[in-house]
Structures are given as C-alpha cells and as structure tokens.
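Beneath this line is the structure, given in structure tokens, with notes to follow.
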Amino acid sequence: MDAAVSVRSESFDLGVEMAALTAGRSDVGAVASFVGLVRQLGEGQPLLSMTLEHYPGMTEAALAEIVVEAGARWPLLAVRVIHRHGTLAPGDPIVLVLVAAAHRGEAFAACEFIMDYLKTRAPFWKKEATAAGGRWVDARDSDDSAAARWS
C-alpha cells in the first residue's frame, strides 16, 4: 500500500492530491475522500478562528499507525492523509483523507475508519476563538462512540 501522511500549516488542493494518489495507476477502482472544514459556529457562538496545536513527530506517527491499521483491515492500494495545524478561519479546510482501493466498499469503510480514529487517537488540540473569548475544545462522546464501533 502506498501511504502518505502530512501535518502542515499550508492548505491543500483536493484535485492535486487526488491526481497524485492515482497517478500511473490502473488498479484503482474507487477513491473515497473526506474533507473536513472549520465550521462557522463554535459552542453557541460565531467562530472567529480555530487554532490547532500538535506535537511534531508524535502526530505524524499516530496518523501513520492509523493508516497501517486501516491497511490491515481492508485491501487498500493507496492512502493520503493531510491534517493542518495553526490558526484557521471558518470555511478553511482542516483535514483530507483519500483512500484508493479496487472496490468502493473498501474505500468508503477505510476512509470512515481513518477519520473516526483520527478524531480520537491523533494528538491534536483545538482552541476556538469567539467574541466571548477563547476555549479549548473537549473530546466529544460521539467521536468516541464512532471509533468504538470499529473495535
């Protein structure tokens, strides 16, 4: 499986990343994608910005582990995960997951698995800024429940 994981401050272009994922390949029958965006509404307040922090090295290793686990569960051909850090505005892309497989079922399942595990296992910290001030975002029970279904 061809896999690439990146944690960076720069944005990404879905079309460019999709082309790189599938370049020169004729074995790919399906690519599933997920793009996460900064929502306008924080916890009851309009969001001014969101700052994402991480531990360099540790975060990339955690993402790579998730991708390896997905590859052990499904016959994947290629995976690309990009997660941003730094200060982002509403509407900005935060995360990209691309999964290539021979068939759509494997691609969809693995893409969802990677996102569910990324939300609960990747060491990122989010701070929302609103007119009322800043606050760190707590883990959500719904994210834990989504990841638990893969156990």
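We did not get these values from a lab; they are worked out from the coordinates using the rules stated. What you see is a predicted model; the values in this text were computed from it and never measured. Reconstructed Cβ throughout: ideal geometry from the backbone, glycine too, with neighbour counts over all protein chains shown.
Run the numbers for Arg73 and Ser142: contour at 0.36 nm per residue of separation, minus the present Cα-Cα distance, in nm. Display every interim value, and only then the final one.
Details: separation 69, 0.36 × 69 = 24.84 nm, distance 2.27 nm.
Taking 0.36 nm per residue and subtracting the Cα distance, the gain is 22.6 nm.
Measuring gaps between exposed loop sites in the chain (GluC sites (Glu not before Pro); DSSP loop; at most 12 other Cβ atoms within 10 Å), the longest gap, sites not included, is 44-151. Net charge dipole, the chain: roughly 100 debye, given to the nearest 20, about the Cα centre with Cβ charges of +1 for Lys and Arg and -1 for Asp and Glu.
Extending 7 Å from the Cα toward the beta-carbon at both Arg8 and Thr130 defines two label points whose distance is 3.3 nm. Among Gly71, Ala129, Thr87, flag the residue with its Cα farthest along the positive direction of the charge dipole of the chain, charges on Cβ as +1 for Lys/Arg and -1 for Asp/Glu. Farthest along the dipole direction, towards plus: Ala129. Across all Cα atoms of segment 2-148, the radius of gyration (one decimal) and Dmax (whole number) stand at 15.7, 52 Å.
Stretching Ala23 away from Tyr55 to a fully extended chain increases their span by 8.4 nm, per 0.36 nm per residue minus the current alpha-carbon distance.
Full extension from Arg39 to Asp92: what is 0.36 nm times the residue separation minus their Cα-Cα distance, to one decimal in nm? Intermediate values should be presented prior to the final figure.
On the way: separation 53, 0.36 × 53 = 19.08 nm, distance 0.85 nm.
Result for the pair: 18.2 nm of gain on full extension.
Over the chain, Cα pairs under 8 Å with separation of 6+ residues give a relative contact order of 34 percent. Defining a contact as two alpha carbons under 8 Å apart and six or more residues distant in sequence, what relative contact order in percent does segment 68-151 show? In percent, rounded to a whole number, it is 22.
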